[in-house]
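Please find one structure pasted underneath; my questions will follow.
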Amino acid sequence: MLKNLDPLLNADILHALRAMGHGDELVVCDANFPADSIARATALGRLLRIDGANAPRAIRAILSVLPLDTFVESPAMRMEVVGEPGTIPTVQREAQAEVDAAEGRPVPFASIERHAFYARARKAYCVIATGETRGYGCFVFAKGVLLAPDAPGASGGTSAP
């Protein structure tokens, strides 16, 4: 065990999150998602897992160490419900609360149609499968940067504005 790290973050996940660069994307998905086949097409090329947690809990762990990109309009995205793009399932509402808490401000999810989500996921840096059994527990996050406190645009060493 390590101090100040969420115990859900295993060595493989920490390595991937650290290796990602600014603008790289990661997918957090539910147990129904074709995670293994899609993960093979990603930059990492293999599937990562957080089996013992639902999607919102996994997102909390990941965002405890991963800054979201503040240079893009939508650093957090969700898979749309097929035929009901405006419907926000409970799992997505719970995930939204985790994102907002991690960022200390509202960061609304952009929505992505299911097949467009699959295509985007194949271009991601990595895929992290969770133990989430509810449908539509699938999300994309864009990694941001941490700036030194004296860097232009920095406000206390957090993600850039």
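Could you look through the stretch 62-90, keep only residues that are more than 14 Å from Cys138 (Cβ to Cβ), out of contact with any strand residue (DSSP E or B) (no Cβ under 7 Å at 6 or more places or on another chain) and hydrophobic (A, V, I, L, M, F, W, C), and pick out the one that is surrounded by the most Cβ atoms within 10 Å (Cβ to Cβ)?
Going through the qualifying residues, I end up with Leu63.
Out of the stretch 103-124, which residues are touching a Lys or Arg at 6+ places or on another chain (Cβ under 8 Å) and surrounded by 15 or more Cβ atoms within 10 Å (Cβ to Cβ)? Give the derivation first.
We begin by selecting, within the stretch 103-124, every residue touching a Lys or Arg at 6+ places or on another chain (Cβ under 8 Å); these are 109-112.
The answer is Phe109, Ser111, Ile112.
Right, something else. Could you list all residues from the stretch 10-67 that are at positive phi and aliphatic (A, V, I, L, M)?
none
Would you say Leu8 is more than 23 Å from Lys123 (Cα to Cα) and of a type in the set (A, V, I, L, M, F, W, C)?
Judged against the criteria, Leu8 is a match.
Determine, yes or no, whether Arg93 is basic (Lys, Arg), over 21 Å from Leu14 (Cβ atoms) and either out of contact with any Gly (no Cβ under 6 Å at 6 or more places or on another chain) or without any contact (Cβ under 8 Å) to a residue 24 or more places away in the chain (or both).
So Arg93 passes the test.
Every number in this text was worked out from the coordinates using simple rules, so none of it is lab data. It should be emphasised that the depicted structure is a prediction, and the values quoted were computed from it without experimental measurement. So basically every Cβ, Gly included, is an ideal-geometry build from the backbone, and we count neighbours across all protein chains shown.
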